[in-house]
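What follows is one structure encoded as structure tokens, with my remarks underneath.
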Amino acid sequence: MENKELLTEFNDKILGGNRSILLDVLNLSLRQLQKKFSGEVELYKAEEMLFDEILYRKYGLLSDKIIIDNRVAFKEFFINDVPDAPIIEQFVKDYGYTRVELAASLGRTVNSWKGLLRRKKTISPAEYNWLLLDLKCHPNNTNI
């Protein structure tokens with residue numbers, strides 16, 4: 001499935017077509033979101049994997065007890081507040097993972113991750129939630 005189809009399906013089925021929630025989930029401007037919907041700009045790999053996991057349980061990371069089938073359930077599960085990259089890296093290291101594993105989980109290169117660290121930037125909330133799921137440390141997932 002193409003990114004734009006996945007994005008549309010996630011927005012329609014989970015968020016009830018509410019693109020304003022999606023702006024926050026992906027940390028984008030309206031113009032940037034329009035580019036993702038048009039297919040002009042691709043989703044980040046971790047964003048794509050999060051949407052696949054929520055819609056189809058593609059990776060088997062969500063607990064069977066977690067049902068995310070509407071925007072209320074999504075908002076209860078989803079973590080919007082994303083710390084800066086250095087804090088994320090320390091958190092991940094505290095769980096026993098390396099920078100290489102962190103970058104791989106996000107579908108980024110180590111150099112891309114280092115760039116975020118240097119610029120004191122962060123990842124999108126969708127990427128952050130994927131990272132927590134993938135590394136099995138998402139506080140709202142009862143699989144832990």
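Read the figures in this text as sums done on the coordinates, not as results from a lab. Note that this is a predicted model, so its numbers are computed, not measured. Reconstructed Cβ throughout: ideal geometry from the backbone, glycine too, with neighbour counts over all protein chains shown.
Using Cβ counts within 10 Å as a stand-in for footprinting exposure, how do LYS114, LYS65 rank, fewest first? Mind dumping the intermediate values first?
Details: LYS114 15, LYS65 8.
The most exposed by this proxy come first: LYS65, LYS114.
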(message) Using a 7 Å offset from the Cα along the Cα-to-Cβ direction at both VAL72 and GLN34, what is the distance between the two label points in nm, to one decimal?
(response) 3.3
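Of TRP113, TRP130, how do they rank once you tally other Cβ atoms within 10 Å and put the fewest first? Numbers along the way, then the final one.
Details: TRP113 20, TRP130 29.
Ordered from fewest to most neighbouring Cβ atoms within 10 Å, TRP113, TRP130 come out as TRP113, TRP130.
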(request) For the chain, just the Cα set please: Rg and Dmax, both in angstrom. (result) 14.6, 39
(message) Per-residue counts of other Cβ atoms within 10 Å, averaged by peptide: what ranking do you get for 131-137, 38-44, highest first?
(response) 131-137, 38-44
(message) Output wanted: per-residue J couplings in Hz (rounded whole) for the stretch 13-20, from phi through Karplus 6.51 cos²θ - 1.76 cosθ + 1.60, θ = phi - 60°, x for Gly and Pro.
(response) 6, 9, 9, x, x, 7, 5, 5
(request) Would you calculate a helix-derived [θ] at 222 nm for the chain, using -39,500 (n - 2.57) for each DSSP H run of n ≥ 4 and dividing by the full residue count, to the nearest 500? (result) -17000 deg cm²/dmol
(message) I'd like the Karplus ³J(HN,Hα) series for the stretch 112-123: coefficients 6.51, -1.76, 1.60, θ = phi - 60°, whole numbers in Hz, and an x wherever there's a Gly or Pro.
(response) 4, 5, 4, x, 5, 4, 4, 8, 6, 9, 9, 9
